[in-house]
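The structure appears below as C-alpha coordinates.
The values are calculated or read from the model by the stated rules, or taken from the named source; none is laboratory data. In this text the structure is predicted, and so the values were computed from the model without any measurement. Here the Cβ is made from the backbone with ideal geometry for all residues, glycine too, and neighbour counts use every protein chain on show.
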Amino acid sequence: MNTTSVSRADAAAPGPTVRILVWDAPVRVFHWLMVACFATAYLTAETERWRLLHVTAGYTMAGLVAFRLLWGLFGTRHARFASFVRGPQAVLRYLKSLVEGHPAPHVGHNPAGAVAILLLLGLTLLSTATGYAIYNELGPEALEEVHEFAGNTMLVVVIAHVAAVLLSSRLHGENLVRAMLTGFKTGPAAEGVRTAWRSVAALMLVAVLGFWAWQWQTAPQPGDRVTSGAHADHEHDDGDDGDD
(Lines give C-alpha, C1' and ligand atoms only; values in the text may rest on other atoms or scores of the structure.)
Protein backbone atom coordinates (compact mmCIF):
# COMPACT_ATOMS: atom_id res chain seq x y z
CA MET A 1 0.00 0.00 0.00
CA ASN A 2 2.73 2.41 -0.74
CA THR A 3 3.53 4.97 -3.37
CA THR A 4 6.69 7.08 -3.30
CA SER A 5 7.51 9.56 -0.58
CA VAL A 6 8.50 11.44 2.64
CA SER A 7 8.36 15.19 3.12
CA ARG A 8 9.21 18.43 1.39
CA ALA A 9 12.43 18.54 3.37
CA ASP A 10 13.30 15.11 2.04
CA ALA A 11 12.67 16.24 -1.51
CA ALA A 12 15.12 19.06 -1.03
CA ALA A 13 17.76 16.95 0.68
CA PRO A 14 21.20 17.76 -0.74
CA GLY A 15 23.82 15.38 -2.04
CA PRO A 16 24.12 12.93 -4.94
CA THR A 17 21.55 10.17 -5.29
CA VAL A 18 22.61 6.60 -4.65
CA ARG A 19 20.91 3.25 -4.03
CA ILE A 20 19.64 3.34 -0.46
CA LEU A 21 17.47 1.18 1.79
CA VAL A 22 14.13 2.94 2.30
CA TRP A 23 11.58 0.27 3.21
CA ASP A 24 12.58 -1.90 6.14
CA ALA A 25 11.59 -5.58 6.21
CA PRO A 26 8.59 -5.17 8.56
CA VAL A 27 7.04 -2.55 6.26
CA ARG A 28 7.49 -4.80 3.23
CA VAL A 29 6.16 -7.91 4.97
CA PHE A 30 3.20 -5.91 6.27
CA HIS A 31 2.47 -4.55 2.79
CA TRP A 32 2.45 -7.89 0.98
CA LEU A 33 0.59 -9.73 3.73
CA MET A 34 -2.09 -7.04 3.57
CA VAL A 35 -2.28 -7.47 -0.19
CA ALA A 36 -2.68 -11.24 0.12
CA CYS A 37 -5.17 -11.07 2.97
CA PHE A 38 -7.34 -8.40 1.37
CA ALA A 39 -7.50 -10.33 -1.90
CA THR A 40 -8.40 -13.50 -0.01
CA ALA A 41 -11.04 -11.81 2.13
CA TYR A 42 -12.64 -10.01 -0.80
CA LEU A 43 -12.76 -13.05 -3.08
CA THR A 44 -14.25 -15.29 -0.37
CA ALA A 45 -16.82 -12.80 0.93
CA GLU A 46 -19.85 -14.25 -0.87
CA THR A 47 -19.51 -17.96 -0.12
CA GLU A 48 -20.08 -19.95 3.04
CA ARG A 49 -17.75 -22.66 1.81
CA TRP A 50 -14.70 -20.44 2.31
CA ARG A 51 -15.95 -18.67 5.44
CA LEU A 52 -12.94 -19.80 7.49
CA LEU A 53 -10.55 -18.28 4.95
CA HIS A 54 -12.55 -15.06 4.88
CA VAL A 55 -12.62 -14.72 8.66
CA THR A 56 -8.96 -15.68 9.07
CA ALA A 57 -7.84 -13.16 6.45
CA GLY A 58 -9.90 -10.43 8.10
CA TYR A 59 -8.55 -11.10 11.58
CA THR A 60 -5.02 -11.23 10.18
CA MET A 61 -5.49 -7.81 8.60
CA ALA A 62 -6.66 -6.40 11.93
CA GLY A 63 -3.55 -7.74 13.64
CA LEU A 64 -1.34 -6.35 10.89
CA VAL A 65 -2.93 -2.92 11.25
CA ALA A 66 -2.31 -2.99 15.00
CA PHE A 67 1.35 -3.72 14.31
CA ARG A 68 1.54 -1.00 11.64
CA LEU A 69 0.15 1.60 14.02
CA LEU A 70 2.89 0.77 16.52
CA TRP A 71 5.57 0.64 13.82
CA GLY A 72 4.32 3.99 12.58
CA LEU A 73 5.28 5.44 15.94
CA PHE A 74 8.46 3.53 16.76
CA GLY A 75 9.72 2.13 13.45
CA THR A 76 12.39 3.34 11.06
CA ARG A 77 12.32 6.88 9.69
CA HIS A 78 10.29 6.26 6.51
CA ALA A 79 7.86 3.97 8.33
CA ARG A 80 6.91 6.60 10.92
CA PHE A 81 3.71 8.54 10.32
CA ALA A 82 5.45 11.76 11.31
CA SER A 83 7.70 11.42 8.26
CA PHE A 84 4.98 11.28 5.62
CA VAL A 85 1.54 12.32 6.91
CA ARG A 86 0.89 15.86 5.67
CA GLY A 87 -1.99 18.33 5.60
CA PRO A 88 -4.56 18.85 2.81
CA GLN A 89 -2.51 21.58 1.10
CA ALA A 90 0.52 19.32 0.71
CA VAL A 91 -1.70 16.58 -0.72
CA LEU A 92 -3.27 18.97 -3.21
CA ARG A 93 0.12 20.32 -4.26
CA TYR A 94 1.40 16.82 -4.92
CA LEU A 95 -1.72 15.82 -6.86
CA LYS A 96 -1.39 18.96 -8.97
CA SER A 97 2.25 18.20 -9.73
CA LEU A 98 1.24 14.62 -10.60
CA VAL A 99 -1.40 15.81 -13.07
CA GLU A 100 1.09 18.25 -14.61
CA GLY A 101 3.49 15.37 -15.16
CA HIS A 102 6.23 16.72 -12.88
CA PRO A 103 5.59 15.27 -9.40
CA ALA A 104 7.87 16.38 -6.60
CA PRO A 105 10.29 13.59 -5.63
CA HIS A 106 9.92 11.93 -2.23
CA VAL A 107 12.15 9.33 -0.68
CA GLY A 108 9.40 7.63 1.32
CA HIS A 109 5.62 7.92 0.94
CA ASN A 110 4.32 10.94 -0.94
CA PRO A 111 1.41 12.96 0.56
CA ALA A 112 -1.18 11.29 -1.68
CA GLY A 113 0.15 7.84 -0.81
CA ALA A 114 -0.12 8.76 2.86
CA VAL A 115 -3.84 9.46 2.42
CA ALA A 116 -4.33 6.04 0.82
CA ILE A 117 -2.46 4.37 3.68
CA LEU A 118 -4.54 6.07 6.37
CA LEU A 119 -7.78 5.26 4.54
CA LEU A 120 -6.83 1.60 4.20
CA LEU A 121 -5.84 1.32 7.85
CA GLY A 122 -9.11 2.89 8.98
CA LEU A 123 -11.27 0.88 6.59
CA THR A 124 -9.56 -2.33 7.67
CA LEU A 125 -10.44 -1.66 11.31
CA LEU A 126 -14.04 -0.83 10.37
CA SER A 127 -14.35 -3.91 8.20
CA THR A 128 -12.91 -6.31 10.76
CA ALA A 129 -14.91 -4.82 13.65
CA THR A 130 -18.19 -5.17 11.79
CA GLY A 131 -17.16 -8.57 10.46
CA TYR A 132 -16.46 -9.81 13.98
CA ALA A 133 -19.85 -8.55 15.17
CA ILE A 134 -21.64 -10.22 12.24
CA TYR A 135 -19.78 -13.50 12.63
CA ASN A 136 -20.63 -13.64 16.34
CA GLU A 137 -24.16 -12.26 15.90
CA LEU A 138 -23.51 -9.28 18.17
CA GLY A 139 -25.27 -6.51 16.29
CA PRO A 140 -28.12 -5.53 13.98
CA GLU A 141 -28.39 -6.71 10.38
CA ALA A 142 -27.43 -3.20 9.25
CA LEU A 143 -23.84 -4.05 10.15
CA GLU A 144 -23.71 -6.27 7.08
CA GLU A 145 -24.23 -3.21 4.87
CA VAL A 146 -21.50 -1.32 6.74
CA HIS A 147 -19.18 -4.31 6.38
CA GLU A 148 -19.87 -4.55 2.65
CA PHE A 149 -19.42 -0.80 2.21
CA ALA A 150 -16.04 -0.90 3.95
CA GLY A 151 -14.85 -3.78 1.77
CA ASN A 152 -15.97 -2.19 -1.49
CA THR A 153 -14.50 1.18 -0.51
CA MET A 154 -11.20 -0.52 0.26
CA LEU A 155 -11.23 -2.05 -3.22
CA VAL A 156 -11.72 1.41 -4.76
CA VAL A 157 -8.85 2.84 -2.69
CA VAL A 158 -6.61 -0.10 -3.61
CA ILE A 159 -7.31 0.35 -7.33
CA ALA A 160 -6.61 4.08 -7.08
CA HIS A 161 -3.45 3.38 -5.12
CA VAL A 162 -2.16 0.87 -7.68
CA ALA A 163 -2.90 3.29 -10.51
CA ALA A 164 -1.03 6.05 -8.66
CA VAL A 165 1.94 3.76 -8.07
CA LEU A 166 2.15 2.87 -11.76
CA LEU A 167 1.83 6.50 -12.81
CA SER A 168 4.39 7.67 -10.27
CA SER A 169 6.78 4.91 -11.34
CA ARG A 170 6.58 6.12 -14.91
CA LEU A 171 6.93 9.81 -14.09
CA HIS A 172 9.76 9.30 -11.61
CA GLY A 173 11.50 6.71 -13.76
CA GLU A 174 11.72 4.29 -10.84
CA ASN A 175 9.97 0.96 -10.31
CA LEU A 176 8.10 1.51 -7.04
CA VAL A 177 6.66 -2.01 -6.96
CA ARG A 178 10.16 -3.47 -7.09
CA ALA A 179 11.21 -1.04 -4.36
CA MET A 180 8.52 -2.46 -2.09
CA LEU A 181 9.93 -5.92 -2.78
CA THR A 182 13.61 -5.15 -2.30
CA GLY A 183 13.37 -2.15 0.01
CA PHE A 184 15.82 -0.14 -2.10
CA LYS A 185 15.28 3.13 -3.96
CA THR A 186 17.43 5.93 -5.31
CA GLY A 187 17.98 8.94 -3.09
CA PRO A 188 20.45 10.96 -1.02
CA ALA A 189 22.70 8.70 1.04
CA ALA A 190 21.69 10.51 4.24
CA GLU A 191 18.06 9.42 3.75
CA GLY A 192 18.80 5.70 3.84
CA VAL A 193 17.64 3.37 6.60
CA ARG A 194 20.55 1.82 8.48
CA THR A 195 18.97 -1.54 9.34
CA ALA A 196 16.24 -3.63 7.73
CA TRP A 197 14.99 -5.08 11.05
CA ARG A 198 14.63 -8.55 9.55
CA SER A 199 14.21 -10.04 13.03
CA VAL A 200 10.98 -8.07 13.53
CA ALA A 201 9.73 -9.15 10.11
CA ALA A 202 10.51 -12.77 10.97
CA LEU A 203 8.54 -12.49 14.22
CA MET A 204 5.62 -11.05 12.23
CA LEU A 205 5.64 -14.03 9.90
CA VAL A 206 5.86 -16.49 12.80
CA ALA A 207 2.93 -14.80 14.53
CA VAL A 208 0.80 -14.78 11.38
CA LEU A 209 1.59 -18.39 10.48
CA GLY A 210 0.95 -19.44 14.08
CA PHE A 211 -2.43 -17.71 14.05
CA TRP A 212 -3.36 -19.40 10.77
CA ALA A 213 -2.41 -22.81 12.18
CA TRP A 214 -4.45 -22.14 15.32
CA GLN A 215 -7.47 -21.08 13.26
CA TRP A 216 -7.23 -24.24 11.18
CA GLN A 217 -6.91 -26.54 14.18
CA THR A 218 -9.77 -24.97 16.18
CA ALA A 219 -12.18 -24.49 13.26
CA PRO A 220 -15.50 -26.37 13.51
CA GLN A 221 -15.48 -29.54 11.43
CA PRO A 222 -18.23 -30.38 8.94
CA GLY A 223 -21.16 -31.93 10.78
CA ASP A 224 -20.30 -30.31 14.13
CA ARG A 225 -23.30 -28.92 16.00
CA VAL A 226 -23.56 -25.14 16.28
CA THR A 227 -23.58 -24.37 19.98
CA SER A 228 -23.28 -20.63 20.24
CA GLY A 229 -25.34 -17.52 19.64
CA ALA A 230 -28.73 -17.38 18.03
CA HIS A 231 -28.18 -20.67 16.18
CA ALA A 232 -27.79 -22.54 19.47
CA ASP A 233 -30.92 -20.89 20.89
CA HIS A 234 -32.84 -21.81 17.76
CA GLU A 235 -31.78 -25.45 17.98
CA HIS A 236 -32.69 -25.53 21.68
CA ASP A 237 -36.15 -24.13 20.93
CA ASP A 238 -36.69 -26.68 18.19
CA GLY A 239 -35.76 -29.46 20.60
CA ASP A 240 -38.26 -28.20 23.20
CA ASP A 241 -41.03 -28.10 20.63
CA GLY A 242 -40.33 -31.70 19.70
CA ASP A 243 -40.67 -32.83 23.33
CA ASP A 244 -44.09 -31.28 23.80
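Please list, ordered by residue number, the helices (runs of 4 or more DSSP H) wholly in the stretch 36-135 having 2 or more residues that are in contact with a His (Cβ under 7 Å, 6 or more places away or on another chain), modelled with pLDDT of 95 or more and under 20 Å from Val158 (Cα atoms). Can you show your working first?
Working: elements: 51-74, 81-84, 88-99, 111-135.
In the stretch 36-135, 111-135 are the helices (runs of 4 or more DSSP H) which contain 2 or more residues that are in contact with a His (Cβ under 7 Å, 6 or more places away or on another chain), modelled with pLDDT of 95 or more and under 20 Å from Val158 (Cα atoms).
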Name every residue in the stretch 1-21 that is at pLDDT 60 or above and touching a Ser or Thr at 6+ places or on another chain (Cβ under 9 Å), in order of residue number. Thr17, Val18, Arg19, Ile20, Leu21
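Anything in the stretch 189-199 that is surrounded by 16 or more Cβ atoms within 10 Å (Cβ to Cβ) and either touching a helix residue (DSSP H, G or I) at 6+ places or on another chain (Cβ under 8 Å) or part of a helix (DSSP H, G or I) (or both)? List them, or say none.
Going residue by residue through the stretch 189-199, those that are surrounded by 16 or more Cβ atoms within 10 Å (Cβ to Cβ) are 191-193, 196-197.
Glu191, Ala196, Trp197, listed by residue number.
Is there a residue in the stretch 138-156 that is part of a helix (DSSP H, G or I), out of contact with any Cys (no Cβ under 8 Å at 6 or more places or on another chain), under 19 Å from Phe67 (Cβ atoms) and not aromatic (Phe, Trp, Tyr)? I'd like the intermediate steps shown before the answer.
First pass over the stretch 138-156, keeping only residues part of a helix (DSSP H, G or I): 142-156.
Cutting the leftovers down to out of contact with any Cys (no Cβ under 8 Å at 6 or more places or on another chain) gives us 142-156.
Retained after the next criterion (residues that are under 19 Å from Phe67 (Cβ atoms)): 154.
When the remaining residues are screened for being not aromatic (Phe, Trp, Tyr), the result is 154.
Yes - at least one qualifying residue is present in the stretch 138-156.
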Do we find a residue being touching a residue at least 12 places away in the same chain (Cβ under 8 Å), within 30 Å of Arg19 (Cβ to Cβ) and either touching an Asp or Glu at 6+ places or on another chain (Cβ under 9 Å) or surrounded by fewer than 23 Cβ atoms within 10 Å (Cβ to Cβ) (or both) anywhere in the stretch 141-152? no
Residues located in the stretch 60-99, provided they are small (Gly, Ala, Ser), surrounded by 14 or more Cβ atoms within 10 Å (Cβ to Cβ) and over 25 Å from Trp32 (Cβ atoms): Ala90, Ser97
Report every pair of residues separated by at least 6 positions or lying on different chains whose Cβ atoms are under 6 Å apart, first residue within the stretch 172-192 and under 11 Å from Trp23 (Cβ atoms), second loosely packed, with under 15 Cβ neighbours inside 10 Å. Phe184/Arg19
Leading residue by the ranking (farthest from Glu174 (Cα to Cα)) among those in the stretch 74-131 that are of a type in the set (S, T, N, Q) and free of Cβ contacts under 8 Å to residues at least 60 places away in the same chain: Thr130
In the stretch 11-34, how many residues are assigned to a helix (DSSP H, G or I) and surrounded by fewer than 14 Cβ atoms within 10 Å (Cβ to Cβ)? 1
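Name the one entry in Ala39, Ala57 that is within 16 Å of the chain's Cα centre (by Cα), closer than 20 Å to Phe211 by Cα, exposed (fewer than 14 other Cβ atoms within 10 Å of the Cβ) and of a type in the set (A, V, I, L, M). Before you say what the answer is, go through the steps one by one.
Working: Ala57 fails: exposed (fewer than 14 other Cβ atoms within 10 Å of the Cβ).
Selected residue: Ala39, the only one of Ala39, Ala57 that is within 16 Å of the chain's Cα centre (by Cα), closer than 20 Å to Phe211 by Cα, exposed (fewer than 14 other Cβ atoms within 10 Å of the Cβ) and of a type in the set (A, V, I, L, M).
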